[in-house]
Amino acid sequence: MTRTTVTEWLDRHTPRPERFSTATRSTAVTARVGTWLGACFALAFATGLYSHYSQLPNPTWGVLTGPAWLYQVTQGMHVASGTAAVPLVLVKLWSVYPRLFLRPPARLRARLLDVLERASVAVLVSSALFQLGTGLANAAQWYPWNFHFRATHYALGWVAAGSLVLHVAVKLPRILEARRAPLEARRAPLEAGAGRGGPTGAPALSRRTLLRATYAAAVLAVLTTGASGIPGLRRLSVLATRSGTGPQGVPVNKSAVAAGVVAAATDAAYRLIVNGPRRSLALSRGDLEAMPQVTVSLPIACVEGWSATGEWTGVRLRDLVALVSDTGGVVHVESLQTGGNSRSSTVTAALAAHPDTLVALALGGEPLDLDHGYPCRLIAPNRPGALQTKWLATVEVQA
Ligand SMILES: Nc1nc2c(c(=O)[nH]1)N[C@H]1C(S)=C(S)[C@@H](COP(=O)(O)O)O[C@H]1N2
Ligand SMILES: [Mo]
């Protein structure tokens, strides 16, 4: 083959935007789906930041002690917005991917800008897909990686947010123009990338139908995976990773067997160690039961998106704190469990003093199930589930 025939052959077989033949794929669709996608990412970013700061050992903000359901609602929105974004991102990428094959501009300056723009879109697409992929896997409790999920998801959240802001800024004129123009192409498609449609130029699938199907898919994805937390909609959640049932009506994330605490938690010699500046105590479950009991209605709101509300009965943490400390302060609790990410947690001074923060002994009027943290567990308002430590071994008031 001569050089020219190779070039010709390559040229004939290289995908070009104009060789993708449907008028359904258009800026009109891209801009509309993109707007919703941007809204989902903005919501996921804001609620994700809130969740991240709520889980820091000693956060300086994001630790409002109420309302009790705040974290439940923000984390539900976080997982819901990420789930809704999946069908949106697929349609959005489908609507623009022929642009990958645009020929680079000839002039040097334009070519440099083109490379920069492609690089920024590559960062946006890969970080966005990474966030959705790891988030979904986390919601399904599947960890096929060995990095720290929260730290990585948090860092890439900033990368995705930054590249999204840049992308919107660069595309804003086109977005506004496309959103103002009518959705359907009147005749033969005018835009680049909207090639042959048929004799009349009418696409097989109208843009309106595509948009409706995309939005319906987003709503369906949320309802089938995440509606278990919304009263009355639980039965729609056929794909939920948590059924909403478990001992005492609350799902279990890690069972006592999986945590390796069965022997220690059922040992008659069990004592809860309460340490403070003033003294140290060892309390049996009987000792805890003999203290004043209160019942509060509080949710377990897991970072993975499920939540369930229970009636918890037990001793106020502040009453225990008062036994060993004159002033109160930050409280650190540890579990009988010897390994695992959720074996300990820190309670801010404000939350430790809150009347609804309990060392719970019972759930729904019955002694705590072993899987819910028997002999006793921490339960506090507006707190990520991962910090509601089960099978308490020590409660330590820090000076
Ligand atoms: N010791 C210990 N406590 C723990 C966990 C754990 O793995 N170990 N999991 C946490 C997580 S991630 C959640 S969502 C809640 C779930 O509580 P439940 O199993 O009683 O519903 O417990 C928290 N407390
Ligand atoms: Mo959790």
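Accessible area of Glu311 (1.4 Å probe, protein heavy atoms only, ligands and nucleic acids ignored): about 90 Å². Of Arg377, Arg99, Arg32, the residue with the greatest mean-square motion in the GNM of the chain, using alpha carbon springs below 10 Å, is Arg99.
Which shape class applies to region 1-68: rounded if a/c is under 1.5, otherwise prolate when a/b exceeds b/c and oblate if not, where a ≥ b ≥ c are the square roots of the Cα gyration tensor eigenvalues?
Oblate.
Using a cut-off of 13 Å between beta-carbons, work out the net charge of the residues near Arg318 (Lys and Arg +1, Asp and Glu -1, Arg318 not included). Result for the local shell: -2.
Amide hydrogen proximity for Leu283: with H placed 1.01 Å from N in the peptide plane, the residues at 5 or more positions away or on another chain lying under 5 Å are Leu272, Ile273, Val274.
Roughly to the nearest percent, how much of the accessible area of region 50-100 is carbon and sulfur, given a 1.4 Å probe? That fraction is 74 percent. Could you state the number of Å between the C-alpha centres of region 1-32 and region 364-389? The distance from the Cα centre of region 364-389 to that of region 1-32 comes to 59 Å. Solvent-accessible surface of region 259-298, averaged per residue with a 1.4 angstrom probe and all protein chains in place: 52 square angstrom.
Could you look at region 282-379 and say what percent of its accessible area is carbon and sulfur, using a 1.4 Å probe and all protein chains?
Details: 1700 of 3480 Å².
It is 49 percent, rounded to a whole number.
Residue ranges 217-226, 172-181, 378-387, 64-73 sort as 378-387, 217-226, 64-73, 172-181 when ordered by packing (mean number of other C-beta atoms within 10 Å per residue, highest first). Net charge of the neighbourhood of Arg103, taken over other residues with C-beta under 15 Å away and scored Lys/Arg +1, Asp/Glu -1, is +3.
Measuring nothing but how far apart in sequence close Cα pairs (under 8 Å, 6+ apart) lie, relative to its length, the chain scores a relative contact order of 20 percent. In the full protein context, region 111-166 carries 57 Å² of accessible surface per residue, based on a 1.4 Å probe and ignoring ligands, DNA and RNA. For region 1-77, the solvent-accessible area of protein heavy atoms averages 54 Å² per residue (probe radius 1.4 Å; ligands and nucleic acids excluded). Residues Ile273, Ile300 ordered from highest to lowest accessible area at a 1.4 Å probe: Ile273, Ile300.
The values are calculated or read from the model by the stated rules, or taken from the named source; none is laboratory data. Computed from a predicted model, the values in this text were never measured in an experiment. Neighbour counts are summed over all protein chains in view; Cβ atoms, including those assigned to glycine, are modelled from backbone coordinates with ideal geometry. The accessibility values were calculated without ligands, DNA or RNA, using every heavy atom of the protein model including side chains. Shrake-Rupley method; radii C 1.70, N 1.55, O 1.52, S 1.80 Å.
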